[in-house]
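Below is one structure, written out as structure tokens, with a few remarks after it.
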Amino acid sequence: MSKHTLTTATGSPVADDDNSISVGERGALTFDNHYTFEKLAHFNRERIPERVVHARGSGAYGTFTLNKSLKNYTIASFLQEVGQKTDVFVRFSTVGGGQDSSDYARDPRGFAIKFYTDQGNYDMVGNNTPVFFLRDAIKFPDFIHSQKKNPRSNLPDPAAIYEFWANHPQSLHQVTILMSDRGIPASYRHMHGFSSHTFSFWNSKGERFWFKWHFKSNQGIENLRNEQAATASPFGAQQDLLGAIDRGEYPSWTAKVQVMTEEEAKSYAINPFDLTKVWPHADFPLIEVGQLELNRNVENYFAETEQACFAPNNLVPGIGASPDKMLQGRLLAYQDAHRYRVGTNANQLPVNAAKCPVQHYQRDGTMAGTCPANGAVSVQGSGVNYYPNDRINDGAPVPEPSVAEPPMPVLENAWVTRYGLADDEDHYTQAGNLFRLMSESQKDQLATTIAEGLVQATESVQQRMLEQFNRAEPDYARRIRSVMDALS
Ligand code: HEM
């Protein structure tokens, strides 16, 4: 093996990496210790802000293979031909805890996929649950504050968690999932992934379809009980994913979509853009479309997993957003977070860089590189930096009108105001349906987990929560009440 010379950050060979230069053996350091100073200064700058949510996570590379052409629904280039393969980077995460929390919190799990397509990066930034606690982005900061640590004590605060939910019956469906026996996945390999939101496909005829992603674990579903989670290694999910891929046991998921036509959306009983509701499979069956496999670990956790930037607005021609009021807020939030957390040119980092030509007139900013990452062609170097210009025959980029998204329909006689979805206040039926599907022991586990948190809330919060459970299913409330009585 050849010997490699240690260098400074600028490549100059280093003679000694153990001893600083000092005035005599026991004396002070001198100003010509530039290498010591470089080390100390760089060390001071090793941290970037952690993600405000989903701070703790694990990532890996892999492949998405298409098994069914979606040509009829979308022009998305990676969804056209059976057998087509697209490189991906996937990051799994918990939501509420900081970077040094446990992999085994009772918390939803993030399930974010970056598809490096030949028409740009497409990010599916979903969770392991098909619904969410909220349906309007304006509530997200309040919700997250209530779930994170108490601002005074810096301790978890179950009373605040339940206080938020008592004031937001729309959370009941997701609360039922979170507190159920699926609330603590045994590993990232043993859980499903969902876009949760409704997105849109559009095809070459300009027809639009609403759709949702489902990624079903081929490893099966496995979960931990509270007492198992309490003693599990906080790094268990990271170890599990890393180890499985190192051993060549590549985890995989079967990709499916649910599709709704624009006509169906107009008359369907459930608001198709309400993130607190699922689309029943009986009405919108799952269509199998491909396989997602993870087969390569990252080389450097910080450079790749920590600096990975996923954004729901990283869309490609053929895939659009929907009027979902949570999704709309997310279309703004993520790139803003990336500019703060990673920097203006975050998309030039190898893990974030597209694998197709990136050609635009944006220039400069912190850490701007002229060398395109991942082999992508870039005109950022000496190319013209304004549009329009007279150099289109010399390679200056021009817009491509054929990828324009068809106009988004307005589903009702719309007024611009604050709505609150007053016509769709049934927060209880789907939560009740989920409860009724559970076995006796699953119902007991659910009731116990909720009761253990709820007893710590105020009398008024307990009352309002029990009313919500009662409206979903009287037996649901009865079981929780009886565990609470036993605990108090
Ligand atoms: C309006 C609602 C929401 C807002 C404002 C919001 C905001 C954020 C922000 C700021 C981050 C950190 C991004 C970063 O620093 O890279 C994040 C991460 C994330 N969010 Fe959301 N979020 C919302 C709802 C949701 C929902 C409904 C889901 C799932 C369906 C979701 C899934 C994720 C995932 C998976 C990550 C981690 C991505 C990664 O691995 O880097 N979020 N969110």
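Residue count for the range 396-419 under the criterion of being part of a loop (DSSP other than H, G, I, E, B) and under 28 Å from Pro272 (Cα atoms): the result is 16. You will find that of Ala9, Ala76, Ala15, Ala41, the residue that is touching a Gly at 6+ places or on another chain (Cβ under 8 Å) and away from the ligand (no atom under 16 Å from the Cβ) is Ala76 and no other.
To keep it simple, each residue is scored yes or no on (1) in a loop (DSSP other than H, G, I, E, B); (2) under 19 Å from Glu288 (Cβ atoms); (3) touching a Pro at 6+ places or on another chain (Cβ under 9 Å).
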position: Pro49; (1), (2), (3): yes, no, no
position: Val53; (1), (2), (3): yes, no, no
position: Gly62; (1), (2), (3): no, yes, yes
position: Gly83; (1), (2), (3): yes, yes, no
position: Gln99; (1), (2), (3): yes, no, no
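Within the range 161-184, residues that are of a type in the set (Asp, Glu) have Cβ atoms under 7 Å from residues that are surrounded by fewer than 23 Cβ atoms within 10 Å (Cβ to Cβ) and part of a helix (DSSP H, G or I) in these pairs: Glu163/Ser146; Glu163/Val461; Asp181/Gln442; Asp181/Gln445, counting only partners at least 6 apart in sequence or on another chain.
Yes or no: Ser195 surrounded by fewer than 23 Cβ atoms within 10 Å (Cβ to Cβ) and touching a Phe, Trp or Tyr at 6+ places or on another chain (Cβ under 6 Å)? In short, yes. Per the listing Val384, Val351, Val316, the residue uniquely more than 16 Å from the ligand (Cβ to nearest atom) and modelled with pLDDT of 95 or more is Val316. Annotation: Ala137 fulfils all but one of (1) more than 8 Å from the ligand (Cβ to nearest atom); (2) aliphatic (A, V, I, L, M); (3) touching a Leu at 6+ places or on another chain (Cβ under 9 Å); the unmet one is (1). Scan the range 91-114 for residues that are in contact with a helix residue (DSSP H, G or I) (Cβ under 7 Å, 6 or more places away or on another chain) and surrounded by fewer than 23 Cβ atoms within 10 Å (Cβ to Cβ) and report the count. Qualifying residue count, the range 91-114: 2.
In the range 240-250 there is at least one residue that is aromatic (Phe, Trp, Tyr) and either under 16 Å from His197 (Cβ atoms) or part of a loop (DSSP other than H, G, I, E, B) (or both).
The values are calculated or read from the model by the stated rules, or taken from the named source; none is laboratory data. These numbers were taken from a predicted model, which means no experiment stands behind them. Every residue, glycine among them, receives a Cβ derived from its backbone with ideal geometry; neighbour counts consider all protein chains shown.
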